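K.L.:
Structure in structure tokens, see below.
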Amino acid sequence: MAQVRYIVKDVDQAIAFYTSKLGFSLEQQFGPAMAILKLDDLRLWIAGPLASASKPMPDGSQPVPGGWCRIVVTVDNLDEMVSRLRQEDVGFKNDILEGPGGKQILCLDPSGNIVELFQTA
């Protein structure tokens, strides 16, 4: 099982987004500090400001949400899902792109982390 950690601004807000919009289930929550979400064989660890993963590094740099690394969620009907998410005010970085392997689009969670939605060709 793959595990990925995202730094988020608000754990409860992230739980609501991933469970209600992308079909994850809440596996475990550690108060406002962290939660573990599951989708198929992916565990997504979301770490808020109170989590140890969010503490400053020795050089003073601070872990923050965002960036271009991302999880990929495979969907059956990308057009339908994007339409629904746009109606629910989910933000996107781009429009649907199509390549030899399929179609993809990048949506944003409430903290600005990228989630790639992908439909196989």
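Here, each number is a calculation from the coordinates, and none is a lab measurement. On a predicted model such as this, the values are computed, not experimentally measured, just so you know. Note that we place each Cβ from the backbone using ideal geometry, even for glycine, and neighbour counts take in every protein chain shown.
K.L.:
Could you please give the count of residues in segment 28-81 that are free of Cβ contacts under 8 Å to residues at least 24 places away in the same chain, surrounded by 13 or more Cβ atoms within 10 Å (Cβ to Cβ) and over 13 Å from I7 (Cα atoms)?
P.N.:
4
K.L.:
Report, by residue number, each residue of segment 26-59 that is closer than 21 Å to L108 by Cβ and of a type in the set (S, T, Y).
P.N.:
The one that is closer than 21 Å to L108 by Cβ and of a type in the set (S, T, Y): S54.
K.L.:
Now for a separate question. So for segment 107-116 (the condition being among the aliphatic types (A, V, I, L, M), part of a loop (DSSP other than H, G, I, E, B) and surrounded by fewer than 18 Cβ atoms within 10 Å (Cβ to Cβ)), does at least one residue qualify?
P.N.:
No, because not a single residue in segment 107-116 is among the aliphatic types (A, V, I, L, M), part of a loop (DSSP other than H, G, I, E, B) and surrounded by fewer than 18 Cβ atoms within 10 Å (Cβ to Cβ).
K.L.:
Related question: Tally the residues that are over 20 Å from F118 (Cα atoms) and buried (at least 21 other Cβ atoms within 10 Å of the Cβ), restricting the search to segment 8-27.
P.N.:
3
K.L.:
Only residues that are at positive phi and among the small types (G, A, S): list them for segment 19-48, please.
P.N.:
Hits for segment 19-48 are G23, G31.
K.L.:
Specify which of the listed residues (L26, L78) is aliphatic (A, V, I, L, M) and touching a Lys or Arg at 6+ places or on another chain (Cβ under 6 Å).
P.N.:
None of the other options fit; the residue is L78.
K.L.:
Considering only residues of segment 82-96 that are outside any helix (DSSP H, G or I), touching a strand residue (DSSP E or B) at 6+ places or on another chain (Cβ under 8 Å) and not basic (K, R), which is surrounded by the most Cβ atoms within 10 Å (Cβ to Cβ)?
P.N.:
That would be V90.
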